[in-house]
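For reference, the structure is listed below as structure tokens.
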Amino acid sequence: MRILRLAQEGAHALLAHKLRTFFMMAGTLIGVSALTVIMTISVGTARKLKEQISKWPYDVIKVNAGGGKGYTMPQDGITTLVPADTEAVQNQIDNVVMVTSVAEKRGLSIKGNSRQTGTSVFSIQPNWHEVMDWYIDQGESVTDEDIATMARVCVLGAAIREELFGEQDPIGEMVQVGNVSLRVKGILKPRGTGPSGRASDDRILVPLSTGLRRLFNQEHLSYIRLTVRDPDRIEDTGETRLERTAEEVRKLLHERHHITPPQEDDFSIVHAAIVMQEIRPISKAATLLLIVLAGLSLVVGGIVLMNIMLVSVSERTEEIGLRRALGATRGDIFIQFLNESLAMTLLGIVVGGVLGWVASVLLAKFRNLSIGNSWELFALIVVFALLVGMFSGVQPARRAAKLQPVEALR
Amino acid sequence: MIELADIVKTYGVGDVATHVLKGVSFCVEKGEYVAIMGASGTGKTTLMNILGLLDKPTAGRYQLEDNDVVTLDDEALSHLRNRRIGFVFQQFHLLNRANALRNVMLPLIYTDQYPEDAEDRAKQVLESVGLADRMRYNPNELSGGQQQRVAIARALINDPAIILADEPTGNLDSKSGIEILAIFKRLHKQGRTIIVITHDKNVAEHADRIIVLKDGQIAEDKPVTQPRDAETELKELACKEDLS
């Protein structure tokens, strides 16, 4: 095959100039590896996000203390959300199945069984289990009586139980949070990672009153959580009942907290529709920026490739002339030079792809990022890199083919 | 075999036009050994380029074997250069990063049917020019005379009708030059057509016929009554060296 022999000629030229060859490949290599990393991470993050979103129950509305838009978290130091708000929601909003108050504090130290660790403390009401759809594994949970008496009791998350007591039975044992001793009366079922990505089993539950008065010394809540009956039913206004109810809760809290828009809310409402809408565009914009940057590096690499090839063509004028004299047609010369560019592009793609994948795996390991793969996206990267390589290779190859043998041999 | 009729080559147009060849006509028969002589600027390089199908005449007719060359396109010309013409240049024009063997095989890349025995053929022609022990050497490891012999081997690989040599001894010392001329003489005896372009009378006198160019026209075209014999001169040179 004539074309194979021409390719071989190109390969000889590339091997003969190793440094130049490396620079020809470098742009494609960097561009492709950067794009590969971005691809694996954005695919991985998107998948993780999707998994988390799918964990968010569709009938739940969460009212966090503190303002903000989108998928917010409750803010410390906002004292305006109080148990009376929970009661008002329960009594004045239609279609609410259950409401529960939660006050949480993270990073508290807990001692027990002569071991010590850090955890999050959730002050809850008994109906928390139903609202969260998350129940007791062993023993029993917080009761109305515990709340009335500010009982010094707690329920351990599976991870905390494991950490403090290992295989021992912790029911009836004492643990200490701050300087308050609590009797363990139950263990929560293990649950893994929640919608926010936090480890759900690293927590303890205490009665709401015990938490507020004895542990946190505060009157306010971190959030209110409620469930809505038939959340996807379409209301007269065209909204879903979930959205309608969220609006009603917002209005009620405006009234109760004396807020008149455009004054900013001192609370924020999160539900499934918001979780889905709000997170994606942010990560999309960031991904797009990265893609544009990496794509630019690929284009710059293409320009470098083109320039090196152009220099190479003028350096090898004599060689081109000789080949023409020995019987190479314009097409032969064109193919030989295009081959060189394409071979470098292909090599850059292969090495860049491998490098990008290795970098992704390392990032996943040491930076705790989620990675994933999409062959469709990778194919897109390859096609883009090939197009850039092709464009960069055609011009120099055409210039080489156009050289007149007489002038080239001079 | 070669028939040139009223070949004109003009560079530029109008007032700035330079007439390099002003109607050159001659024939070369198969098996002839012709030297084309002329001082620099007489158009001999242009003539060589036209003979070698590297350049097209502005006007005139050029018949090479069965081909009316002027009407052919780039691909057909490339094919003819590849199969019918063997070039030997003053500057050798070897690929520096390829060894002698690969340099000799270079024209085969551009043939339509790559011969199965390409490497054997290349080895054979290298042997025939006395480089059997230098096949794996790169050009920079060879002397000028050896490099020119690699170039001759390359010219022979496709068994061409004509060897077209442009100042083949111009870059060589006298002994290497005579060695090259001895090879030409041998090829001539084997029946090959050889055209040597040179400004050097001592080179031209090895041919059977000398065409002298002057101002873009043929000033003289005569046979050489007693062509010089490179083999004999080489022996004489060896004797002289022995004596001194």
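The values are calculated or read from the model by the stated rules, or taken from the named source; none is laboratory data. This structure is a prediction, so every number in the text was calculated from the model and none was measured. So basically every Cβ, Gly included, is an ideal-geometry build from the backbone, and we count neighbours across all protein chains shown.
Before moving on, here are some points about what is shown:
- Out of A:SER392, A:SER370, sole residue that is over 26 Å from B:ARG81 (Cβ atoms), hydroxyl-bearing (Ser, Thr, Tyr) and not in a helix (DSSP H, G or I): A:SER370
- Residues that are more than 14 Å from every other protein chain (Cβ to nearest Cβ) and among the aromatic types (Phe, Trp, Tyr) number at least 1 in the following helices (runs of 4 or more DSSP H) confined to the range A:1-108: A:18-55.
- Members of the range B:193-224 that are hydroxyl-bearing (Ser, Thr, Tyr) and in contact with a Ser or Thr (Cβ under 9 Å, 6 or more places away or on another chain): B:THR198
- Residue within the range B:52-75 that is without any contact (Cβ under 8 Å) to a residue 12 or more places away in the chain, at the interface with chain A (Cβ under 9 Å from one of its Cβ atoms) and either of a type in the set (Lys, Arg) or surrounded by fewer than 19 Cβ atoms within 10 Å (Cβ to Cβ) (or both) present: yes
Yes or no, residue by residue, for (1) touching a Phe, Trp or Tyr at 6+ places or on another chain (Cβ under 9 Å); (2) closer than 26 Å to B:LEU106 by Cβ; (3) of a type in the set (A, V, I, L, M, F, W, C):
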position: A:ARG5; (1), (2), (3): yes, yes, no
position: A:ALA11; (1), (2), (3): no, yes, yes
position: A:LEU14; (1), (2), (3): no, yes, yes
position: A:HIS17; (1), (2), (3): no, yes, no
position: A:THR21; (1), (2), (3): no, yes, no
position: A:ALA26; (1), (2), (3): no, no, yes
position: A:VAL37; (1), (2), (3): yes, no, yes
position: A:ILE41; (1), (2), (3): no, no, yes
position: A:ARG47; (1), (2), (3): no, no, no
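- Answer residue from the range A:315-329, given it is among the acidic types (Asp, Glu) and within 8 Å of chain B (Cβ to nearest Cβ) and is surrounded by the fewest Cβ atoms within 10 Å (Cβ to Cβ) among those: A:GLU318
- Identity of the residue in the range B:123-136, assigned to a loop (DSSP other than H, G, I, E, B) and either on the phi < 0 side of the Ramachandran plot or surrounded by 21 or more Cβ atoms within 10 Å (Cβ to Cβ) (or both), that ends up farthest from the other protein chains (Cβ to nearest Cβ): B:LEU131
- Any hit, the range A:326-347, residues being in the same structural domain as A:VAL43 (by TED's automatic domain parsing), hydroxyl-bearing (Ser, Thr, Tyr), touching a Phe, Trp or Tyr at 6+ places or on another chain (Cβ under 8 Å) and more than 25 Å from A:ARG20 (Cα to Cα): yes
- Within the range B:206-244, the residues that satisfy the criterion of being assigned to a loop (DSSP other than H, G, I, E, B), at negative phi and loosely packed, with under 15 Cβ neighbours inside 10 Å are B:THR225, B:GLN226, B:ASP229, B:SER244.
- Test: residue in the range A:94-110 that is surrounded by 19 or more Cβ atoms within 10 Å (Cβ to Cβ), out of contact with any Ser or Thr (no Cβ under 9 Å at 6 or more places or on another chain) and either among the hydrophobic types (A, V, I, L, M, F, W, C) or at pLDDT 90 or above (or both): no
- Residue match in the range A:339-351 (condition: farther than 30 Å from A:LYS402 by Cα, more than 14 Å from chain B (Cβ to nearest Cβ) and either in contact with a helix residue (DSSP H, G or I) (Cβ under 6 Å, 6 or more places away or on another chain) or modelled with pLDDT of 90 or more (or both)): yes
- Condition met for A:THR149 (closer than 17 Å to A:SER120 by Cα, surrounded by 13 or more Cβ atoms within 10 Å (Cβ to Cβ), more than 34 Å from the chain's Cα centre (by Cα) and modelled with pLDDT of 90 or more): no
- Flag for B:ALA39 being out of contact with any strand residue (DSSP E or B) (no Cβ under 7 Å at 6 or more places or on another chain), within 25 Å of B:ARG209 (Cα to Cα), modelled with pLDDT under 95 and more than 14 Å from chain A (Cβ to nearest Cβ): yes
- One residue stands out among those in the range B:76-100 that are surrounded by fewer than 19 Cβ atoms within 10 Å (Cβ to Cβ) and of a type in the set (A, V, I, L, M): the one that is nearest to the other protein chains (Cβ to nearest Cβ), which is B:ALA98.
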